[in-house]
Protein chains: 2
Amino acid sequence: MRIALAQINFHVGNFSCNLNKMVQAVNDARKQYADLIVFSELSVCGYPPRDLLYSDRFLAQCMDSVHQLAKACTDIGAIVGGPSRNDKSGGKRLYNSAFFLHDGAIQQVCHKGLLPTYDVFNEYRYFEPAKEFNTVVFKGKRIAITVCEDIWNINGLGMYPVNPPDILALQNPDMIINISASPFAWNHRPQRLQILMENAAKYKVPVFSTNLVGGQTDLLFDGASAVCNAKGKLVDVMPAFEESIRMYDIGEVLDHPGIEPHAVPSGPDKYRLMQQALVMGIRDYFGKTGIKKAILGLSGGLDSALTLVLAVDALGKENVWAVLLPGPYSSDHSVTDALQLANNLGVQHITIPIGDVVKSFDKSLEPYFADTNGGIAEENIQARARAVILMGLSNKFGHMLLNTSNKSEAAVGYGTLYGDMCGGLAVIGDVYKTEAYGLARLINEKDEIIPDNTIVKPPSAELKPDQKDTDSLPPYEILDPILFRLLELQQDPSAIIADGFDEQLVRKIARMVFMNEYKRVQSPPILRVSPKCLGIGREMPIEAVNGERSKP
Amino acid sequence: MRIALAQINFHVGNFSCNLNKMVQAVNDARKQYADLIVFSELSVCGYPPRDLLYSDRFLAQCMDSVHQLAKACTDIGAIVGGPSRNDKSGGKRLYNSAFFLHDGAIQQVCHKGLLPTYDVFNEYRYFEPAKEFNTVVFKGKRIAITVCEDIWNINGLGMYPVNPPDILALQNPDMIINISASPFAWNHRPQRLQILMENAAKYKVPVFSTNLVGGQTDLLFDGASAVCNAKGKLVDVMPAFEESIRMYDIGEVLDHPGIEPHAVPSGPDKYRLMQQALVMGIRDYFGKTGIKKAILGLSGGLDSALTLVLAVDALGKENVWAVLLPGPYSSDHSVTDALQLANNLGVQHITIPIGDVVKSFDKSLEPYFADTNGGIAEENIQARARAVILMGLSNKFGHMLLNTSNKSEAAVGYGTLYGDMCGGLAVIGDVYKTEAYGLARLINEKDEIIPDNTIVKPPSAELKPDQKDTDSLPPYEILDPILFRLLELQQDPSAIIADGFDEQLVRKIARMVFMNEYKRVQSPPILRVSPKCLGIGREMPIEAVNGERSKP
């Protein structure tokens, strides 16, 4: 038997687009003599459909797509993901299903049994978990069809009372097919491949897994669909961050000696992955919203430089517009560094000094600010004046403003709400400042694209004379590891202190993280590249901060 | 047996505050000869704790509070809500539990079986549903302890395969006690009371239900805890929107002839409920964040007038600061109406014209805007200039900016991101414009507090000459019923059209709602007073709009 894995970039709710791509893939697979083609989880409607699943019309469109795809599958079998109705009384009204299509019709429907409801997932909001698991027989082969999480409980995740492949194994399948939408994080792929290998080894059957590729707002999918042989060896990993269709003969898979498993990347490899994911994320968010051009404020600092490089990579230099907005405390090098970068990239750039606007605000507020000390309020006015200008250009010309905040500053609230926190998409909002340096070094690997001075100078918001980030924050090399423990590892401050970090500092940073939830709830969507993003997947109360949590 | 229902305003994560209030209630109940005191769902930690439940320290604090409360319960029994560990392997690591305390210790723990995971609820993210249900025996009475949703499947909600009271009924309990955190919506209480009555009638036992009271950010709880007799008659409903503790003798409850059930309110009754809920929501958000004073932009229009009245009611006139920000297209009556209202309420008010600031922006952008037609970009600059001034004052003096957007305009995107969409709390963001008129009429029932002219004049954003809301939108009396069907009733456009609404208009409005999700994701928390809010409880993809959903 010859199996085609079709990893496709679907678009939520764009049924004609999704269907066209699948029919095209079916035709491709047929030409290459495939017996069976496998699409990813919820492929007919795109992933994640969220509350569109409450719409009867949306569900009808899903079923219509399944039927239309079935018509294209006369001589070839297909496995396609989509929601299906739970007709039994009791339980949620939908299943997250895999439809097995052949002979121009739906032959069998398999439902997902393990519904992830944690971090970025909320599948139990919509779906009933399958209680029964049945294999499918096709061309003499018995196939265990599973949907994403179904194969993840092999080592007892601790979250689910059942392990669907154990039940399916009782029917002696010849292979496991897994359709998935497993979101990207820079360190996630080795674990995903490992799960496939462990299932193959445990059940002594080959495993074929199609994973979604593409960005859906903040959630990114790397594809990298994979095949394992019956000995639990990895046989192939398909390309990452692009659509792809590949054919696998079961015989060849079974005989394949296996390739090396992937390791968790570090150094430049890690940053290359992040870069590819972010570029895909920008491209898809613009592509799927239908917006062509981006605009951003270029300060001469690292974050906006990095965002610009990524945007140019994603959209093309002709589609990105850099705006320099020097303020009263901008240094000369800020302007020269920004201009240098814009010229290196060949992007259109304009300069709009904010001095007069800021003066105008200061004058308006003078009667009320007169007897006060200058501080955050005055600093924020500069950041917000920039935002008004950028949004003015955005509104006038239809370009989307890119947000340039990094994860470190978003975590501790070192950013101005309605100022530098503005934008339609937070490009590097899930990238710690120390990781931003890693990305910049990678970008400059061959040529100095980002001016060296942008990378080596001390980070500064330049909102008051001689300001440095370290006036308010610890150095990022100290801040980021603490944030990583608080956020990614979800450690309590006491556990971090027990690991040898400075008590006062850890408590201060934890407090800052909790205190600034109110800013982050108004943040644009953040492209998620880590296992714990400050945007999607984090649901933290705002008001708990004034209780004892404020002294964690 | 004498039972005390203690409806208390808890604060998420504020363990000492929550514990003190409960110990105080235990002492009160003891003085009034209660045998048993009943608190609401997750009372030790506050509701909803969200991702704080991932913290081991938080869970330890919860258990510590339970143990401390138990120590106060030597001679009196108590039922208190809190998370507890699921020690079995398989399943989520927590239960949503009711602890039965007596003799200074935890005597028994009952877990919630039905975990709401829809709309504003995501309990399956954290909790494992109980599989077993056991009654508790106390002073010769057998008590079926249930947690909120557990009693809601009595008519087969369709979402759950089990009905816990049916299982508990097999043990012949003498009463049902329900601890709940059932969020307020203007039409929700009759249904909640009806569920209590139906349980009492079906199982022929009295039902005692303590409901949470207070606001937790956007989620509001009205209290109105209730008691039913064994015939299914409502016996008592406790006060709404305030803390309260009441004693009930079982004998008296059983003999009580019953009171009238509540009907879904309409007219002034509906608006009075909304008003009370919004005032409580403002008061608690400020109280729990520790912020004393509010600031808002007062335009002379209805929305900011209404927000000001509610804020003054919640915080006191000395704690609210009104800022008039007349712009180039503000009418004379805007200023006079705003001043009239400020004077009627006796609040501090200042006037900061935005003309110079707007001119300064126009000048900065002139080189780029010169050959374009004036439009949305220019209008938004005015709204954003106001926001910069308001946020400047907010930052300088520590007052929280109140957002004044209504639900109708938020739904169709008739608001400026980073302009009038700014604020720490959206006070009337779940109030349709037509409902805002209802609230205004209620407020003016006795005296003309809101100037009549504010109510009768045609709504206008006043961002260009002679602008009216109806230039871009249908009249609110036409818009709001369509929005209600799209949002609250979750109807598809085709269903609304089938109900007799204009096809072109319905499709246009549905498209506007879908297209503006990108703005709403950056909205402040919205006080939820309806069964379907545009903030919490809505999880809609942003990018689906450009697919076929954009032509719904």
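What follows draws every value from the coordinates through simple rules; no lab data is involved. Because the structure is predicted, anything quoted here is derived from the model rather than measured. With ideal geometry, Cβ positions are generated from the backbone for all residues, glycine too; neighbour counts draw on all protein chains shown.
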For the range A:308-322, what does the Karplus curve 6.51 cos²θ - 1.76 cosθ + 1.60, with θ = phi - 60°, yield as ³J(HN,Hα) per residue in whole Hz, taken in order and with x for Gly and Pro? 5, 4, 5, 5, 5, 4, 7, 10, x, 5, 6, 10, 10, 10, 9
Binning at 5 angstrom from zero up to the longest distance, how are the C-alpha pair distances of the range A:197-270 distributed in percent? 4, 16, 21, 22, 18, 12, 6, 2, 0
Between the DSSP loop rule and a limit of at most 13 other Cβ atoms within 10 Å, which trypsin sites (Lys or Arg not before Pro) in the range A:1-90 are left? A:88
Can you list, shortest first in nanometers, how far residue A:332 lies from the same residue in the other copies, with each label 7 Å from Cα toward Cβ? 5.5
Would you tell me the mean number of C-beta atoms belonging to other protein chains that fall within 10 Å of each C-beta in A:354-364, as a whole number? 6
What are the ³J(HN,Hα) values, in whole Hz, obtained from phi via the Karplus relation 6.51 cos²θ - 1.76 cosθ + 1.60 with θ = phi - 60°, for each residue of the range B:229-237 in sequence order, with x given for Gly and Pro? 8, 6, 8, x, 8, 5, 9, 7, 10
Karplus (6.51, -1.76, 1.60) ³J(HN,Hα), θ = phi - 60°, over the range B:201-206, in Hz, Gly and Pro reported as x: 5, 5, 9, 6, 9, x
Output the 0 to 90 degree angle, nearest 10, between the alpha-carbon long axis of helix A:476-486 and the longest principal axis computed from the alpha carbons of chain A. 40
Find how many whole Å separate the alpha carbon centroid of the range B:226-264 from the alpha carbon centroid of the range A:165-180. 55
Relative to a virtual label point 7 Å from the Cα of residue B:139 in the Cα→beta-carbon direction, which members of the range B:239-278 show backbone nitrogen distances below 16 Å? B:246-254
Shortest-first nm distances, residue B:28 label point to equivalent points in other copies (7 Å, Cα→Cβ): 6.8
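Using only atoms on other chains, find how many Cβ atoms lie within 10 Å of each Cβ of peptide A:489-495 and report the average.
What the average comes to for A:489-495 is 3.
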From the mean inverse distance of alpha carbon pairs (Kirkwood) and the Cα radius of gyration, derive Rg over Rh for the range A:444-491. 1.11
Counting only residues 5 or more places away or on other chains, whose amide H sits under 5 Å from the amide H of residue B:240 once H atoms are built in the peptide plane? B:224
Could you check the simple spin-label distance between residue A:333 and residue B:447, using points 7 Å along Cα→Cβ, in nm with one decimal? 6.3
Pairing the Cα long axis of helix A:503-515 with the longest principal axis of chain A, what angle in degrees results, from 0 to 90 and rounded to the nearest 10? 80
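Given R₀ = 60 Å, FRET efficiency for residue B:170-residue A:231 by Cβ-Cβ distance, to 0.05?
Plugging the Cβ-Cβ distance into 1/(1 + (r/R0)^6) gives 0.70.
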At 0.36 nm per residue, minus the direct Cα-Cα distance, what do residue B:372 and residue B:539 gain on full extension? Give it in nm, one decimal, please. 56.4 nm
Among the listed pairs A:92/A:139; A:532/B:288; B:92/B:508, which have their C-alpha atoms separated by more than 32 angstrom in this model? A:92/A:139; B:92/B:508
What distance in nm lies between label points placed 7 Å from Cα along the C-beta direction at residue A:468 and residue A:351? 2.7
For every helix of n ≥ 4 consecutive DSSP H residues, a contribution of -39,500 (n - 2.57) applies; sum these over chain B, divide by its total residues, and give [θ] at 222 nm rounded to the nearest 500 deg cm²/dmol. -11500 deg cm²/dmol
Roughly what angle does helix A:355-369 make with the longest principal axis of chain A, taking Cα atoms, 0 to 90 degrees, to the nearest 10? 70
Which order do the peptides B:258-266, B:211-219 take when ranked by the mean count of other beta-carbon atoms within 10 Å per residue, highest first? B:211-219, B:258-266
Descending semi-axes in Å of the range B:318-372, equivalent ellipsoid built from Cα gyration tensor: 32, 12, 6
Does a label point 7 Å from the Cα of residue A:292, set along Cα-to-beta-carbon, have any residues of the range A:305-321 with amide nitrogen under 18 Å, and which are they? A:312-321
Please list log₁₀ I(q)/I(0) at q = 0.15 Å⁻¹ for the range B:269-467, using the Debye equation with identical point scatterers on the alpha-carbon positions. -0.88
Volume per residue (Å³) of the convex hull spanned by the alpha carbons of the protein assembly as shown is 171
When the expected Rg is taken as 2.2 N^0.38 Å, what fraction or multiple of it is the alpha-carbon Rg of chain A? 1.05
Run the simple label-point estimate for residue B:363 and residue A:162 please: 7 Å along Cα→C-beta, distance reported in nm. 7.2
For the range B:442-494, listing GluC sites (Glu not before Pro) in a DSSP loop whose Cβ sees at most 16 other Cβ atoms within 10 Å gives B:445, B:448, B:488
If each label sits 7 angstrom from Cα along the C-beta direction, how far apart, in nm, is residue A:372 from its counterparts in the other copies? 3.2
Give me Rg over Rh for the range A:2-257, both radii from the alpha carbons and Rh done the Kirkwood way, two decimal places. 0.92
Interchain or sequence-distant (5+) residues whose placed amide H lies within less than 5 Å of the amide H of residue A:108 are A:100
Amide H contacts under 5 Å for residue A:138, restricted to residues at least 5 apart in sequence or on another chain and with H modeled in the peptide plane, are A:143
Counting only Cα atoms, I'd like the Rg/Rh figure for the range B:398-549, Kirkwood definition for Rh. 0.97
Provide the descending list of Cα extents for the range B:298-402 along its principal axes, expressed in whole angstroms. 49, 30, 18
Once you have the Cα-Cα distance between residue B:343 and residue B:260, take 0.36 nm times their residue separation minus that, and quote the gain in nm to one decimal. 25.6 nm
Which whole-angstrom value gives the distance between the alpha carbon centres of the range A:83-133 and the range A:281-327? 39
